[in-house]
Amino acid sequence: MIESEKVSGIYVIPSYANSLQWFGVFFGRQGFYENSVFRFSILLPDGFPQDKTTPAIVFQQNVVHPLVCPFTNSLDISHAFPEWRCGEDHLWQVLKYMQVIFADPLECIRSVGSTQELSNVEASKLLTTNRDAFAALVQESIAESKAHIYDTPPTEDPHYIVFEKFQEDIHGPVLEQIRNGRTTNSPAESGGGGAATGLSWVKVKEGEFKPLSIE
């Protein structure tokens with residue numbers, strides 16, 4: 001369902017060792033969080049999906065956002081999912097919610113009755129009273145997160161999402177294929193609406209890549 005709903009800008013995969021733990025990466029594409037790259041984990045309760053406990057989303061680095069706790073780096077999704085309803089609530093909806101609250105953090109404040117209910121009250125106050133200061137803090141968190149993109153993985157799980165620094169001889173031909181694909185696609189094929197399009201690539205073996213999907 002996550003694949004069919006085309007949740008752009010967010011990549012997730014279950015852990016090889018534990019299906020109740022998922023690895024994820026969020027790519028911001030607009031607003032305050034444009035060009036951000038945030039790693040996160042999704043932790044599912046033992047009784048998922050029958051368990052009414054909502055999934056826990058925890059970022060690997062500090063993320064400045066009204067709904068992200070500055071002490072635990074956990075994202076509060078309770079305003080959208082007070083409890084988990086088996087058969088009605090799905091993980092792709094949680095990812096869509098992430099898209100929405102990062103695209104427009106001010107709107108997520110308006111949807112909450114009191115700012116005291118927010119995970120990061122100070123960030124919410126800055127967002128409403130001094131947007132330049134809020135934006136500066138967000139940029140600091142983005143820079144911090146990007147500084148750790150190439151860190152040694154904290155786990156040996158083969159499904160952990162790993163980034164490699166650009167190597168012209170390996171990645172150059174892939175980049176060229178992506179660029180050519182974008183220029184030859186018709187508006188109908190590219191989806192229109194200004195959405196980012198192209199191919200996602202997966203490494204088959206050292207030095208070789210193949211297209212995974214068109215999103």
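The values are calculated or read from the model by the stated rules, or taken from the named source; none is laboratory data. In this text, all values refer to a predicted model and were calculated from it rather than measured experimentally. Please note: Cβ atoms are built from the backbone with ideal geometry, for glycine as well, and neighbour counts cover all protein chains shown. Accessible surface areas use protein heavy atoms only, side chains included; no ligands, DNA or RNA. Shrake-Rupley method; radii C 1.70, N 1.55, O 1.52, S 1.80 Å.
Along Cα→Cβ, 7 Å out, is where each label goes; now give me the distance between the ones at Glu3 and Asp104 in nm to one decimal.
The answer from the label model is 3.2 nm.
So if we plug the beta-carbon distance of Asp46 and Thr152 into 1/(1 + (r/R0)^6) with R0 = 41 Å, what FRET efficiency do we get, rounded to 0.05?
Values: r = 30 Å, r/R0 = 0.72.
For R0 = 41 Å, the calculated efficiency reads 0.90.
In whole Å, what is the distance between the alpha-carbon centres of the range 128-154 and the range 1-61?
Value for the Cα centre distance between the two parts: 19 Å.
How do 3-11, 54-62 rank on mean C-beta neighbours within 10 Å, highest first?
Packing order, densest peptide first, comes out as 54-62, 3-11.
So how far apart, in nm, are the two label points at Val112 and Val174 if each is 7 Å from Cα heading toward Cβ?
Here the modelled spin labels are 3.8 nm apart.
Rounded, prolate or oblate: pick one for the range 94-149, where a ≥ b ≥ c are the square roots of the eigenvalues of its C-alpha gyration tensor, a/c under 1.5 means rounded, and failing that, prolate if a/b is larger than b/c, else oblate.
Working: a/c = 2.13, a/b = 1.29, b/c = 1.65.
Judged from the Cα gyration tensor, the range 94-149 comes out oblate (a/c at least 1.5, b/c at or above a/b).
From the Cα gyration tensor of the range 7-162, with a ≥ b ≥ c the square roots of its eigenvalues, which class applies: rounded if a/c is under 1.5, or else prolate if a/b is larger than b/c, or else oblate?
On the way: a/c = 2.01, a/b = 1.20, b/c = 1.68.
Taking the square roots of the gyration eigenvalues as a ≥ b ≥ c, the range 7-162 is oblate.
How much accessible surface area, in Å² rounded to 10, belongs to the heavy atoms of Asp76 with a 1.4 Å probe?
30 Å²
Expected output is a single nm value to one decimal: the length gained when fully extending between His159 and Cys86, i.e. 0.36 nm times separation in residues minus the C-alpha distance. What is it? If you can, show how the numbers build up before the last one.
Details: separation 73, 0.36 × 73 = 26.28 nm, distance 2.62 nm.
Length gained, His159 through Cys86: 23.7 nm.
Roll a 1.4 Å probe over the protein chains and send me the accessible area per residue for the range 32-167 in Å².
Values: 7140 Å² over 136 residues.
Averaged over the residues of the range 32-167, the accessible area is 53 Å².
Determine, from the Cβ-Cβ distance of Ala17 and His79 and an R0 of 41 Å, the FRET efficiency 1/(1 + (r/R0)^6), rounded to the nearest 0.05. If you can, show how the numbers build up before the last one.
Details: r = 32 Å, r/R0 = 0.77.
Efficiency, rounded to the nearest 0.05: 0.85.
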